[in-house]
Amino acid sequence: MKVSFIIPIYKVEAYLNQCVDSILAQTYRDVEVILVDDGSPDCCPEMCDALAKKDSRIKVLHKPNGGLSDARNTGLKVATGDYVIFVDGDDFWTDEGQLAKLMNLVEENPTCDFIGFNCSYYYPDSNTYKPWPAYSEAISKPASGNDILQTLVKSGTVPMSACMKIIKRTFLLDNALFFEIGTLAEDIPWFIKLFNEHKYGGGGFITNPAFAKM
């Protein structure tokens, strides 16, 4: 099964190489990395093109600046993977075997529309990591959208983010789960819509940190 990583690129030249390299280093190799240059005014456009020359799994899209939502939507429309993972340009994966572990869970739960995972926050000044609060055991089981949403709210660990999820691409496209353009906190309405459309499959969250956020 192929995984499409969609990464909006805007003013992340200090983190871009680490982000992409951490994905390409994963032992699970069937991936594509879609770098959506959202009119970044720094060196990111040239860096994206240079990265694409080093690995055929990297696709680069250059577009005028339209914001985070527009960049993610653009990437989703050209993705070819069975599953999609949204990653921010200043995120990076902390272990080369994490994607393989995640894909094992995907294979064990083929009816799940998405599976969520955890992250750690990385503090470069001290080179330390602060793990995301662990999800309750109830959240770690496949369940309907309503059940998961209620449990997430009760647990106080609601990750209303496009990141930290691996999602069936057909589920996103069939339900037109695109991001609203021109809004602040665009992840929140998208997250709610994700659960509203999540009726017949299953979803769950796992607790081990898979990547780090600056």
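Shown in residue order for the range 106-121 are the 3J(HN,Hα) couplings computed by the Karplus curve 6.51 cos²θ - 1.76 cosθ + 1.60 at θ = phi - 60°: 4, 5, 6, 10, x, 8, 6, 6, 7, 10, x, 9, 9, 9, 10, 8 Hz (x for Gly and Pro). The share of accessible area on the range 1-85 that comes from carbon and sulfur is 53 percent, using a 1.4 angstrom probe. For the range 1-69, the per residue solvent-accessible surface stands at 45 Å², with DNA, RNA and ligands left out and a 1.4 Å probe. Here's how it looks for residue 118: its modeled amide H is under 5 Å from those of 206, 208, 210, which are all 5 or more places away or on a different chain. Distance from the Cα centroid of the range 64-101 to that of the range 5-30 is 9 Å (rounded to whole angstrom). Cross-link pairs exceeding 28 Å between alpha carbons, from the set 63/193; 54/130; 101/168; 59/130; 2/193; 59/101: 54/130; 59/130. Peptides 36-43, 120-127, 25-32, 71-78 ranked from most to least packed, by the mean per-residue count of other Cβ atoms within 10 Å: 71-78, 36-43, 25-32, 120-127.
The values are calculated or read from the model by the stated rules, or taken from the named source; none is laboratory data. Note that this is a predicted model, so its numbers are computed, not measured. Every residue, glycine as well, gets a Cβ built from its backbone with ideal geometry; the counts of neighbours run over all protein chains shown. SASA here: full protein model, heavy atoms, side chains in, ligands and nucleic acids out. Shrake-Rupley method; radii C 1.70, N 1.55, O 1.52, S 1.80 Å.
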